[in-house]
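Student: What follows is a structure written as structure tokens; I'll ask about it next.
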Amino acid sequence: MTQPISETFNQRNASLDNKLRPSSFRDFIGQEKVRERLLLCVEAARQRNEPLDHVIMSGPPGLGKTTLCYILGDAMGVQVKATSGPVIEKPADLAGLLTSLNRGDILFIDEIHRMQRTVEEYLYSAMEDFVLDIMIDQGANARSIRLELPRFTLVGATTRSGLISAPLRSRFGITSRLDYYNAEELRQIVTRSAGLLEVSIDNDGAAEIARRSRGTPRIANNLLRRVRDYAQVRAGNHISSDIADKALTMLDIDAGGLDEMDKRIINTIVCKFNGGPVGLGSIAVSVGEEPDTIEEVYEPYLIQEGYIKRTQKGRVATPIAWKLAGLEAPEAAIQPELGF
Ligand SMILES: Nc1ncnc2c1ncn2[C@@H]1O[C@H](COP(=O)(O)OP(=O)(O)OP(=O)(O)O)[C@@H](O)[C@H]1O
Ligand SMILES: [Mg+2]
């Protein structure tokens, strides 16, 4: 029952990313603050010979949450058992996972915000007191048994931190919020990955891929793979900025790295709502995505890159967003004090 849960997830997870995934803090580029804090916690726990405190990692997809979890396992010298929120259907599934752990082991629950409430409630005592009270039988025979658990570390990952309930959130001792990577960090990641993929790349080539990667290592690695194909067939297996540009242009990858949904959001604000201000709910209906996802997955990047602004009245398109939509920004967008 419990084995398949973690196995299927591991297999899926292992497939694509593994080769390029850094396995130690040393190889993990960027996220300086998060890295430093986690390193300190690991060192302190190791000195005391104690398991690591529970960790919650949040941030948009592809920034390194899963990677950091395995790095933590490696740094603590413990096993990582991985599963995902929606896969744990019943309290018994959770019990099976938890009782299979050894002291100090990490249980990694990906997409922890999608765990069922009934299961989540069992986690509270497991995280706090390392016990699990499970009901067995039904009706007149119903009784609860208490399972003692080893002292384990729960690492939860979520792209939607806003959806984590307060009781669950409060049981994590260490909170790590990952943010988009800057161009230089992504350039280093591309260079490292190119080395592992055995393709030669120069600084400008790596910078070109980095620039179009939406601040996200997973995208950077994916683009690198595509550019590598191009370089292999047409450019003697060397990636320069010219080759990277040609390959990415051929693949219709936006020069600023925006994806389909990013562009739809921008087009909606500019064209349908005349540049805003427009409420999150109206944007969500218009692009057919949940408001929470827009707010936590897409918007942070668009705001960081200066395409949209959050104001009290709603979201507003900036002049570069108008330009991207192929329109000239009205006076009010260029000089916000006139309009908003
Ligand atoms: N700091 C980093 N340095 C080098 N490579 C990285 C870094 N962070 C992530 N990567 C690369 O990006 C890939 C995606 O990272 P990861 O799977 O950890 O993201 P995630 O945050 O768990 O995403 P999701 O929310 O979709 O599960 C990894 O396989 C790894 O190769
Ligand atoms: Mg992940």
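Student: Run the numbers for E290 and Q232: contour at 0.36 nm per residue of separation, minus the present Cα-Cα distance, in nm.
Tutor: On the way: separation 58, 0.36 × 58 = 20.88 nm, distance 4.04 nm.
Result for the pair: 16.8 nm of gain on full extension.
Student: Straight-line reach from K90: which aspartates and glutamates fall under 18 Å, measuring Cα to Cα and dropping same-chain residues less than 8 apart?
Tutor: E7, D110, E111, E120, E121, D133, D137
Student: Working out 0.36 nm times the residue gap between Q138 and N182, then minus their Cα-Cα distance, what length gain in nm do you get to one decimal?
Tutor: Working: separation 44, 0.36 × 44 = 15.84 nm, distance 5.54 nm.
Extra length available between Q138 and N182 comes to 10.3 nm.
Student: Further question: So if R0 is 25 Å, what FRET efficiency would E198 and I303 give, r being the distance between their Cβ atoms, rounded to the nearest 0.05?
Tutor: Values: r = 38 Å, r/R0 = 1.50.
About 0.10, to the nearest 0.05.
Student: Which Cα, out of I219, G257, I71, lies furthest along the positive dipole direction of the chain (beta carbon charges, K/R +1, D/E -1)?
Tutor: I71
Student: With a/c under 1.5 counting as rounded, go ahead and sort region 27-133 into rounded, prolate or oblate using the C-alpha gyration tensor (a ≥ b ≥ c being the square roots of the eigenvalues; past the cut-off, prolate if a/b is larger than b/c, else oblate). Could the numbers behind the result be given before it?
Tutor: Values: a/c = 2.16, a/b = 1.37, b/c = 1.58.
The shape class here is oblate.
Student: Can you work out the FRET efficiency for the pair A44 and E331, with r the C-beta to C-beta distance and R0 = 56 Å, to the nearest 0.05?
Tutor: Numbers: r = 56 Å, r/R0 = 1.00.
After rounding to 0.05, the efficiency reads 0.50.
Student: Just how large is the dipole of the chain about the Cα centre, in debye to the nearest 20, putting +1 at every Lys and Arg Cβ and -1 at every Asp and Glu Cβ? Intermediate results must be reported in sequence, preceding the final value.
Tutor: On the way: 41 positive and 46 negative charges, 36 e Å.
Around 180 debye, computed over the chain.
Student: Excluding residues fewer than 8 places away in the same chain, name every one of the lysines whose C-alpha is closer than 24 Å to that of K19.
Tutor: By straight Cα distance, K19 reaches K65, K81.
Student: Residue separation times 0.36 nm, minus the C-alpha to C-alpha distance between D53 and I320: what's the value?
Tutor: Working: separation 267, 0.36 × 267 = 96.12 nm, distance 4.39 nm.
Using 0.36 nm per residue and subtracting the Cα-Cα distance, I get 91.7 nm.
Student: Is the chain best put as rounded, prolate or oblate by its Cα gyration tensor, with a ≥ b ≥ c the root eigenvalues, rounded for a/c under 1.5, and otherwise prolate when a/b is larger than b/c, oblate when not?
Tutor: Because a/c hits 1.5 or more and a/b fails to exceed b/c, the chain counts as oblate.
Student: Pop a pseudo-label 7 angstrom from the Cα along the beta-carbon direction at both K272 and Q79 and give the gap in nm to one decimal.
Tutor: Label at K272, label at Q79, 4.9 nm between them.
Every number in this text was worked out from the coordinates using simple rules, so none of it is lab data. As the structure is a prediction and not an experimental result, all values here were calculated from the model. We place every Cβ from the backbone using ideal geometry, glycine too, and count neighbours over all the protein chains shown.
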